[in-house]
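The values are calculated or read from the model by the stated rules, or taken from the named source; none is laboratory data. As the structure is a computational prediction, the values presented were derived from the model and not from experiment. Glycine also receives a Cβ, built like all others from the backbone with ideal geometry; neighbour counts cover every protein chain displayed. SASA here: full protein model, heavy atoms, side chains in, ligands and nucleic acids out. Shrake-Rupley method; radii C 1.70, N 1.55, O 1.52, S 1.80 Å.
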Amino acid sequence: MTRSVVWVKPEGAELAEVRLGRLGAGTLTASGWAIGGDPLPYRLEYELSTGDRYVTARLLVRAEGVDPDGGPWRRSLELVNGPGEVWSVRAKAEGHAALPPPGGDAAGLTGALDCDLGLSPLTNTMPVLRSGLLDGGGPAEFLMAWVSVPDLAVRPSRQTYAFVRRDGEHSVVRFSEPGFVNDIVFDRDGLVVDYPAIGRRVGAP
């Protein structure tokens, strides 16, 4: 099953072409494009693939823009989740931008099953589908390889998801991490309909 979805955000938008395997034990592949304006205007594109049970296999992200003081800049980040959930991190930066450096220490990501691309509603799908949280359950705790946007720095992030309720054809799942809690609305395929303060899907009821 292939889906094309668009989310509007407080400072930008995102388009994702998503291919989902069967629920509960499937795979996900996606290509996406996003624009944003904070802390400086940028354009971003990504490619994501998972193995069985929606476990991240590879995430490739590219970002670019123009710094008003430094001129054009480009960055790329590749995360690969190897055997035993031992990750590799490859990052590259060209030009000057007033941003933290891309990449990070892969050692802290060991054991993580998922990537989490900052400001993207897409990467909330994998842990929710794997844990069956559309229909009940939780809280379930996860270690994520979290990618900050647009600088493309990566660090470990511990997050918790828990089923809250069914609302017609939608499921509400509570997301929490230290200092942040939000209720996310998913459709029956596990794609985000509304993630307050992050993005709301165009055309969703």
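Here are the numbers:
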quantity: Qualifying residue in the range 144-153 (condition: farther than 14 Å from Y54 by Cα and surrounded by fewer than 17 Cβ atoms within 10 Å (Cβ to Cβ)); calculated: no
quantity: Residue ID - farthest from L48 (Cα to Cα), chosen from residues in the range 1-16 that are open to solvent by 70 Å² or more (accessible area, probe 1.4 Å) and at pLDDT 95 or above; calculated: V8
quantity: Residue satisfying condition, being surrounded by fewer than 21 Cβ atoms within 10 Å (Cβ to Cβ) and at pLDDT 95 or above, within set H170, H96; calculated: H170
quantity: The one condition in (1) surrounded by fewer than 21 Cβ atoms within 10 Å (Cβ to Cβ); (2) under 25 Å from G26 (Cβ atoms); (3) among the small types (G, A, S) that S120 fails to fulfil; calculated: (1)
quantity: Matching option when the condition is in a strand (DSSP E or B) and under 15 Å from V202 (Cα atoms), among V8, V66, V18; calculated: V8
quantity: Residue within the range 49-72 that is open to solvent by 70 Å² or more (accessible area, probe 1.4 Å), in contact with a Gly (Cβ under 7 Å, 6 or more places away or on another chain) and either within 19 Å of G190 (Cα to Cα) or modelled with pLDDT of 95 or more (or both) present; calculated: yes
quantity: Selected residue (only one of A57, A93, A97 is assigned to a strand (DSSP E or B) and more than 19 Å from P156 (Cβ to Cβ)); calculated: A93
quantity: Pairs with Cβ under 6 Å, 6+ apart, first in the range 12-40 and under 29 Å from P68 (Cα atoms), second open to solvent by 60 Å² or more (accessible area, probe 1.4 Å) and modelled with pLDDT under 95; calculated: G36/E11; G37/E11; D38/E11
